[in-house]
Amino acid sequence: MTPDFDVALTVDQLSLWYGERQALHNINLHIPRQQITALIGPSGCGKSTLLRCFNRMNDVIDNCRISGEILLEQESVLHGQQDLSALRRRVGMVFQRPNPFPKSIYENVIYGLRLQGVRDRRVLNEACERALRAAALWGEVKDHLGQNALTLSSGQQQRLVIARAIAIEPEVLLLDEPTSALDPISTLVIEELMHSLKQHFTLVLVTHNMQQASRVSDYTAFMHNGALVEFGETDRIFTSPKVRRTEDYITGRYG
């Protein structure tokens, strides 16, 4: 069925195996452009595995094989002579725990641009400020850009990692439980940040926190045992799910 929104990512009959164990089963999904899509479900249901398919992070895992297709703006992610560096510039990722490099705040933000060969100091300076402003961190660090990033708080480090990811202006930003290691105040800041980021990027969020999914996402996909059970607008999924398993999970009957 054709979705009634602009599509950034299309997942078509996607299955994935780790050796003999099948982790994803025939996933079909459309990810809307410049919206926040949350992937929810019990631990081990396949949501992070699916997320990592979007920028081929599963390629580093031995004995991983995939069938099906993923399209990014109608271009194949999984097949053909895909340049993984180019793909990961288009599809950025933020992990569960902040992982800044042991470099200055400035060098962290512009790292990806340097890899692309950008040397113009004015361009780098402008990109650094733009990314830090977008990550709601500029006001806190603008006078300390030479400071080691590891001296920042955990919440600041996670926003710095987001700034690093968006400095190269990806089309899609993947967020794998980005607030699970943070305190409630830092979590709230990141959630507010997500709302502003979707004006420019497509966001896909894996979260174990259903309250977070209901607060920040526009669309929600519920997964269970490696299969997509239900997908739709978040308000509908949380108030009137069509599938009993979705309702059971949301109401806490299992999970």
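Laboratory data are not the source of any read-out in this text; all were calculated from the coordinates shown. These numbers come from a predicted model, not from an experiment. Here the Cβ is made from the backbone with ideal geometry for all residues, glycine too, and neighbour counts use every protein chain on show.
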Relative contact order of segment 105-161, pairs being alpha-carbon contacts under 8 Å that are 6 or more residues apart, as %: 49
For q = 0.27 Å⁻¹, Debye-computed log10 I/I(0) when each Cα of segment 113-192 counts as one equal scatterer: -1.45
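Can you give the relative contact order of the chain as a percent, counting alpha carbon pairs under 8 Å and 6+ residues apart? Numbers along the way, then the final one.
Numbers: 480 pairs, mean separation 69.6, N = 255.
Relative contact order here is 27 percent.
List VAL60, VAL243 from most exposed to least, where exposure is judged by having the fewest other Cβ atoms within 10 Å.
Numbers: VAL60 8, VAL243 13.
With the fewest neighbours first, VAL60, VAL243 line up as VAL60, VAL243.
Can you show me the helix-derived [θ] at 222 nm for the chain, built from DSSP H runs with n ≥ 4 at -39,500 (n - 2.57) apiece and divided by the number of residues, rounded to the nearest 500.
Values: 11 runs with 89 residues, N = 255.
Value at 222 nm, helices only, nearest 500: -9500 deg cm²/dmol.
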Dimensions in Å of the chain - Rg and Dmax from alpha carbons: 18.3, 56
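What is the ratio of the Cα radius of gyration of segment 145-255 to 2.2 N^0.38 Å, with N the residue count, to two decimals? Display every interim value, and only then the final one.
Working: Rg = 15.9 Å, N = 111, 2.2 N^0.38 = 13.2 Å.
Rg over 2.2 N^0.38 Å, computed on Cα atoms: 1.21.
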